[in-house]
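Asker: I'd like to ask you about the structure that follows.
Every number here is computed from the coordinates shown, using simple stated rules; none is lab data. Only a predicted model underlies this, so the values are computations on that prediction, with no experimental measurement involved. All Cβ positions, glycine included, derive from the backbone under ideal geometry; neighbour counts span all protein chains shown.
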Amino acid sequence: MSDRKYIMLLSALMLCLAAVSSVFGEELYREHYPDAKIDPARGVEGDVGFSDTIRYWRDEAALERSAGLAEKPAEQWKLNWKHMDLDRVELHPGHLAVDEGEALVKKLAAREAAFLTCLGEGAADLRGKAAAYPKFDAALGRIVTVEGRIEQCAKSVLNEDIRQGSPASNKISVYFKSQSAGKPIKVDLAEAKVMEAYRRGEELFYRKTGQLNFACASCHVPGSIMGHKLRGETPTTPFGDAAHYPTYRTPVGALESIHERFARCHGQMRTQGLKPGDPAYVDLEVFVSVLSNGYPVSVPSAR
Amino acid sequence: MAEPMKIRARMVDGTAHIVVLMIHPMETGQRKDPRSGQAYPAHFIQHVTATVNDKPVLNVQCGPAISKNPMFGFRVKGAKAGDKLVVAWEDNKGEKSRTEATIA
C-alpha cells in the first residue's frame, strides 16, 4: 500500500515538474518546411513559376484546351480539379444544396428580415458579396469568414446557433457563395489586420506537425510531393483552391467547408484537427484565399 | 410531395446526353434508429421511366441498393435538339414524380 502511495506521489511530482518546465522552459521544438517565397500581391497569378499548372485552368478557354488531361490519370492533377467546378460537370448534389440553402435563408429571413441584411452587411442583395471574404470586420474586431458571418448573424439576429461546419451552415454558405459565382475573389490586402492574419496563416502553412511531421507545404509546394502520388491521390497547387469551397465531396457524400477540409487534412497528417471556426483555421483560410485572389468564386463544385 | 428532379439534356455528336438528379431518401429498411431501436421503414424508388417525344427510351426497375438522391445518366441515339423529355419515377409507397425538360 505504501509502495503504491509512493509511486503516486512520485508521478504527481513528475507531472508538476513537466508543467513547470513547459511554462518556464523553452518553446516547443517545431520544424518548418523551407519557405517557397509566395508573393501575396500576385494572387492566383503567383502560380506562374510556382507549379505552372495555372495555364491549364486559368479560365474557360484554358480548361477547354486542356480538357484531354482529365482522361489521363498521371496528368489529371494539372487541372487542379477546376474541371469539376460550376456547370462544367453534370449535376451533383452540390446543386441541390444551393436550392436548399436558398430555401433556408428565405425561411430565416421571413422570421427576421434583419438576418438577410446582416449577411449582406446592410443590403438584402447577397450578389457579389462573398467574393470579398474573408475580411476584417471593424465592429467585431476580428476577421470574419463566410461561415463565421452566418454564425454571427444567426446568433445576433435570430438568437440561434448555426455552428460553423454544421450542415445548415454549409448549405447557407453554398447559397451565399453561389450568389458570387464567377466574380473574382478580392481579399483586401491593404487592410493591416488581414495582412497580419495572412502572415500567421503563412507561418502555419510551413509549420510541421503531427506524427508524420507534415506541413501543408510538405504536399503543396514545388519540390515536395506536389504532382506525385500520395496514397492514390496527387496533391495539387494551393493556388486557386479557396475558390470552390464549400464543396460537395463525392467520397464523403456531403458538403464540406474549407475548415472541415483543414481538419480532415490534419487527420491525414496524424494530428488532432481543430474545430471549424478556430482562429488558426481562419488565419489559414485568409492565407489560401489570398492565393486565390483574382480567381472567380466557383461554387457549387464537386471534389 | 415529391420534389421535381433536376435534368440536364444536351446533344453531343448526334447523341442526347441526359443526366437526371432525383431527390429521394432511398431508405433501405435495414437502418435502425439508435434511440428507439426501430428500423426506419423502407422507402425507395422502384421504377424509373423516360420518354422522348412520348416514345419510351428508358425503363428501369431498381431497388434499395441505389444511393440517396440518386443520379441517372443515359444516352439516347436518334434524339434531336428541342425534343421533349419526360422522366418519371414511382417508389414503394406509391409516391410519384414527373419532370419535363427540353433537349438542348
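Asker: Any number yet on Rg/Rh for the stretch A:193-303, C-alpha, Kirkwood?
Answerer: 0.94
Asker: Let me ask another. What number comes out for the charge environment of A:Pro279, summing +1 per Lys or Arg and -1 per Asp or Glu over other residues with Cβ under 11 Å away?
Answerer: Result for the local shell: 0.
Asker: Report the per residue volume, in Å³, of the convex hull enclosing the C-alpha atoms of the protein assembly as shown.
Answerer: That works out to 218 Å³ per residue.
Asker: Taking neighbour counts of Cβ atoms within 10 Å as a proxy for exposure, in what order, fewest first, do A:Phe239, A:Phe115 appear?
Answerer: Taking fewest neighbouring Cβ atoms as first place, the list is A:Phe115, A:Phe239.
Asker: Long-range amide H contacts for A:Thr209: which residues qualify at under 5 Å (H placed 1.01 Å from N, peptide plane, sequence gap of 5 or more or a different chain)?
Answerer: Correct list: A:Phe214, A:Ala215.
Asker: Let me ask something else about it. Taking a spot 7 Å from the Cα of A:Asp99 along the direction of its beta carbon, which residues of the stretch A:278-303 have an amide N less than 13 Å from it?
Answerer: The answer is none.
Asker: In addition: Taking 22 Å as R0, compute the FRET efficiency from the Cβ-Cβ separation of B:Arg98 and A:Lys107 and round it to 0.05.
Answerer: Result of the calculation: an efficiency of 0.25.
Asker: Just how large is the dipole of the protein assembly as shown about the Cα centre, in debye to the nearest 20, putting +1 at every Lys and Arg Cβ and -1 at every Asp and Glu Cβ?
Answerer: Charge dipole of the protein assembly as shown: 740 debye, to the nearest 20.
Asker: Below 13 angstrom from the Cβ of A:Tyr56, what's the summed charge of the other residues (Lys, Arg +1; Asp, Glu -1)?
Answerer: Its environment carries a net charge of 0.
Asker: Quick one: if you stick a label point 7 Å off each Cα along the C-beta vector at A:Arg55 and B:Ser67, how many nm between them?
Answerer: 3.6
Asker: Go ahead and run the numbers for FRET between A:Ala114 and A:Thr250, Cβ-Cβ distance against an R0 of 41 Å, rounding to 0.05.
Answerer: Approximately 0.65, to the nearest 0.05.
Asker: Right, another one. At A:Arg163 and A:Glu121, where each label point lies 7 Å from the Cα along Cα→Cβ, what is the point-to-point distance in nanometres?
Answerer: Here the modelled spin labels are 2.8 nm apart.
Asker: On to the next question. By the gyration tensor of its Cα atoms, with a ≥ b ≥ c the square roots of the eigenvalues, what is the shape of the stretch A:93-178: rounded for a/c under 1.5, prolate for a/b over b/c, or oblate?
Answerer: Rounded is the answer for the stretch A:93-178, as its axis ratio a/c remains below 1.5.
Asker: State to the nearest 20 debye the size of the charge dipole of the stretch A:93-178 about its Cα centre, where the only charges are +1 on K and R beta carbons and -1 on D and E beta carbons.
Answerer: Value, rounded to 20: 120 debye.
Asker: Got a sec to turn the phi values of the stretch A:135-143 into Karplus ³J(HN,Hα) couplings, 6.51 cos²θ - 1.76 cosθ + 1.60 with θ = phi - 60°, whole Hz, x for Gly and Pro?
Answerer: Going residue by residue, I get 9, 8, 9, 5, 5, 8, x, 8, 6 Hz, with x marking Gly and Pro.
Asker: On to the next question. Charges on Cβ only, +1 for Lys and Arg, -1 for Asp and Glu, centred on the Cα centroid of chain A; of A:Gly227, A:Leu69, A:Phe50, which one is farthest towards the dipole's positive end?
Answerer: It is A:Gly227.
Asker: Find, to one decimal place in angstroms, the Kirkwood hydrodynamic radius of the stretch A:135-257, where the mean of 1/r is taken over every pair of different Cα atoms and then inverted.
Answerer: 16.9
Asker: Over 21 Å, how big is the tail of the calculated P(r) for chain B, in percent of all Cα pairs?
Answerer: 39
Asker: Loop only per DSSP, at most 16 neighbouring Cβ atoms within 10 Å: give me the trypsin sites (Lys or Arg not before Pro) in the stretch B:42-104, ordered by residue number.
Answerer: When the trypsin sites (Lys or Arg not before Pro) of the stretch B:42-104 are filtered for loop state and at most 16 Cβ neighbours within 10 Å, B:Lys68, B:Lys80, B:Lys93 remain.
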